[in-house]
Amino acid sequence: GIQVEQSPPDLILQEGANSTLRCNFSDSVNNLQWFHQNPWGQLINLFYIPSGTKQNGRLSATTVATERYSLLYISSSQTTDSGVYFCAVDLLRDDKIIFGKGTRLHILP
Amino acid sequence: GAGVSQSPSNKVTEKGKDVELRCDPISGHTALYWYRQSLGQGLEFLIYFQGNSAPDKSGLPSDRFSAERTGGSVSTLTIQRTQQEDSAVYLCASSLVHGSYNSPLHFGNGTRLTVT
C-alpha cells in the first residue's frame with residue numbers, strides 16, 4: 001500500500017543546533033504538508049509545499065515531487081521547537097490525506 | 001471566523017455507551033476531516049467531507065463509527081457501543097476545498113475520549 005516514511009523517528013539536539021527531517025512517500029502526490037504537534041497536542045500547519053522550497057523564519061522546507069521526498073530544515077533550534085513533526089500527503093490515486101508516523105524532536109536547553 | 005472548534009474537549013464514558021463528538025470548521029471551509037490519534041502514535045485517517053458528502057468511508061474502523069455533516073458546516077462523529085480500544089484523541093481539521101491548490105489543513109484541539 002501507500003507508504004509515508006519519516007526519518008529519523010527520534011532526534012535529541014542541543015539548543016542552537018540545526019536539523020533536517022525527511023519525509024519519503026511511495027506514490028505521486030497532489031500536495032504535501034508539514035505540521036508541528038507541540039507537547040500539549042496542538043497541531044500547527046508549518047508548510048503547504050507540493051513542490052519547490054519555502055521559508056518561514058528559522059524553518060524551511062523543500063519538496064522534490066519527482067523523487068518523492070520532502071525535507072524540513074530547522075535552524076538555530078529553540079526549546080519551543082520540541083514536539084513531533086508530521087508530514088502529510090494528499091495522494092493522487094487515493095482520495096485521502098495520509099500522515100507519516102512523525103519525527104519526535106527534543107531540544108535540550 | 002475563529003479556528004476549528006471541537007467539543008467536548010474531554011469525554012469519559014463507560015464501555016457500551018454511545019458518544020457523539022462535534023466539530024465546527026473554519027467559516028467558509030468546505031472540506032472537513034476526522035482523524036484519530038492514539039497515545040504516542042501518528043494520525044489515523046477516518047473520513048473526510050467535501051460539502052455534505054463523504055466520498056470514502058473506508059477509513060472508519062468499524063460499523064460502530066459513523067459521521068455526518070449538515071449544511072456544509074458542523075460535523076458529528078458518532079461511536080456506538082464504545083469499546084476500550086476506542087480511547088484516543090479524535091482530531092478534526094478543515095480546509096478551503098479538498099485537493100485544491102493552496103488549501104492547507106487547520107486542526108482543532110481534539111476531543112480526548114476515554115472509555116472505562
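The values are calculated or read from the model by the stated rules, or taken from the named source; none is laboratory data. All figures in this text were calculated on a predicted structure; none of them were measured in a lab. Every residue, glycine among them, receives a Cβ derived from its backbone with ideal geometry; neighbour counts consider all protein chains shown. Note: areas computed on protein heavy atoms with side chains; ligands, DNA, RNA excluded. Shrake-Rupley method; radii C 1.70, N 1.55, O 1.52, S 1.80 Å.
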Q. So what J values fall out for region A:66-73 if you push phi through Karplus, 6.51 cos²θ - 1.76 cosθ + 1.60 with θ = phi - 60°, rounded to Hz, Gly and Pro as x?
A. 5, 9, 6, 8, 9, 10, 10, 9
Q. Which residues of region A:17-33 end up with at least 20 Å² less accessible area in the presence of all protein chains than when their chain stands alone, using a 1.4 Å probe?
A. A:30, A:33
Q. Long-range amide H contacts for residue A:17: which residues qualify at under 5 Å (H placed 1.01 Å from N, peptide plane, sequence gap of 5 or more or a different chain)?
A. A:77
Q) For chain B, modelled as a Gaussian network with Cα springs under 10 Å, which listed residue fluctuates most, B:103, B:62, B:27? A) B:62
Q: Note down the accessible area of residue B:45, probe 1.4 Å, to the nearest 10 Å².
A: 20 Å²
**Q.** residue B:106 accessible area, assembled protein chains, probe 1.4 Å, Å²
**A.** 80 Å²
Q | Of A:87, B:41, B:8, farthest towards positive along the dipole that unit charges on Lys, Arg, Asp, Glu beta carbons give the protein assembly as shown | A | B:8
Q) Going 7 Å from the Cα of residue B:57 in the Cα-to-Cβ direction, what parts of region B:23-42 have a backbone nitrogen less than 17 Å from that spot? A) B:32-35
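Quick one: if the Förster radius is 41 Å, what FRET efficiency do residue A:68 and residue B:83 give, using the C-beta to C-beta distance and rounding to 0.05?
Working: r = 37 Å, r/R0 = 0.90.
After rounding, the FRET efficiency stands at 0.65.
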Q. How large is ³J(HN,Hα) for each residue in region A:40-49, as worked out from phi by the Karplus curve 6.51 cos²θ - 1.76 cosθ + 1.60 (θ = phi - 60°), to whole Hz, x for Gly and Pro?
A. 8, x, 6, 9, 10, 6, 8, 9, 10, 9
Q. Quick one: if you stick a label point 7 Å off each Cα along the C-beta vector at residue A:45 and residue B:27, how many nm between them?
A. 1.8 nm
Q. Where in region B:41-55 does accessible area fall by at least 50 Å² between the isolated chain and the complete protein assembly, at a 1.4 Å probe radius?
A. B:43, B:45
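Probe radius 1.4 Å, ligands and nucleic acids left out: can you give me the accessible area buried at the B-A interface, summed over both chains, in Å² to the nearest hundred? Walk me through the numbers before you get to the answer.
Details: alone 6210 and 6060 Å², together 10630 Å².
Summing both chains' loss of accessible area gives about 1600 Å².
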**Q.** Surface/4 estimate of mean projected area, convex hull on alpha-carbon atoms of chain A, nm²
**A.** 6.3 nm²
Q | In Hz, Karplus ³J(HN,Hα) per residue of region B:55-66 (6.51, -1.76, 1.60; θ = phi - 60°; x = Gly, Pro) | A | x, 9, 9, 5, x, 5, x, 7, 6, 7, 9, 8
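Keeping every protein chain present and rolling a 1.4 Å probe, give me the accessible area per residue for region B:5-115 in Å². Could you put the intermediate results ahead of the total?
Values: 5100 Å² over 111 residues.
On a per-residue basis, 46 Å².
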Q: With no solvent and one equal point scatterer per Cα, compute the Debye intensity ratio I(q)/I(0) for the protein assembly as shown at 0.09, 0.15 Å⁻¹ and report its log10, rounded to two decimals.
A: -0.36, -1.00
Q: Would you work out the charge dipole size for chain A about its Cα centre, treating the Cβ of every Lys and Arg as +1 and the Cβ of every Asp and Glu as -1, and quote it to the nearest 20 debye?
A: 80 debye
Q: Stick to the Cα atoms of chain B, pair each with every other, and give me the Kirkwood hydrodynamic radius in Å at one decimal.
A: 14.1 Å
Q: Return the long-range amide H neighbours of residue B:88 (sequence gap of 5 or more, or a different chain), with a cut-off of under 5 Å between placed amide H atoms.
A: B:113
Q. For the protein assembly as shown, what % of the accessible area comes from carbon and sulfur atoms, probe 1.4 Å?
A. 46 percent
Q | At least 50 Å² accessible surface lost relative to isolated chain, residues of region A:38-70 (1.4 Å probe) | A | A:43, A:48
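For chain A, report the accessible area per residue in Å² (1.4 Å probe, heavy atoms, rounded to an integer). Could the numbers behind the result be given before it?
Details: 5210 Å² over 109 residues.
Per residue, chain A has 48 Å² of solvent-accessible surface.
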